[in-house]
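Following: one structure in structure tokens, then a few remarks.
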Amino acid sequence: MENEDKVKVEICCGTACYLLGAMRLMDLTENLPKDLVGLVEFEAKACLGKCERDEIGCAPYVRFNGTEWMGNATPERVVERIRELAGRREEI
Ligand code: FES
């Protein structure tokens, strides 16, 4: 799969996001469900600026494909969204 076809997932690792769980999200880079391996490009970012504009309580933030935001991101929600964006159904 070409890089531009991959789901791009930027994980904010700024202070607010770090304190509110970004490291759990970073674990996904090593422990992605098998069916999604190779379909995702992860990037750890410095503060993406959301915590200054929005409720700080909504950290950690993730950005998908450069435009779509997720606040209160959890590994489960991020995986679910990656599946949707990659056009994958959940494996049962
Ligand atoms: S620390 Fe994550 S948006 Fe600022």
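Coordinate-derived values only; no laboratory data. These numbers were taken from a predicted model, which means no experiment stands behind them. Every residue, glycine among them, receives a Cβ derived from its backbone with ideal geometry; neighbour counts consider all protein chains shown.
Some observations on this one:
- Options E68, E41, E30; residue that is surrounded by fewer than 17 Cβ atoms within 10 Å (Cβ to Cβ) and either over 17 Å from A86 (Cα atoms) or not acidic (D, E) (or both): E30
- Any hit, the stretch 51-58, residues being over 14 Å from the mean Cα position of the chain (by Cα), more than 9 Å from the ligand (Cβ to nearest atom), farther than 21 Å from G87 by Cβ and of a type in the set (G, A, S): yes
- Restricting the stretch 25-50 to residues that are of a type in the set (G, A, S) and either part of a helix (DSSP H, G or I) or touching a Cys at 6+ places or on another chain (Cβ under 8 Å) (or both), the residue that is farthest from the ligand (Cβ to nearest atom): A44
- Hey, A22 within 15 Å of the ligand (Cβ to nearest atom) and assigned to a strand (DSSP E or B) or not: no
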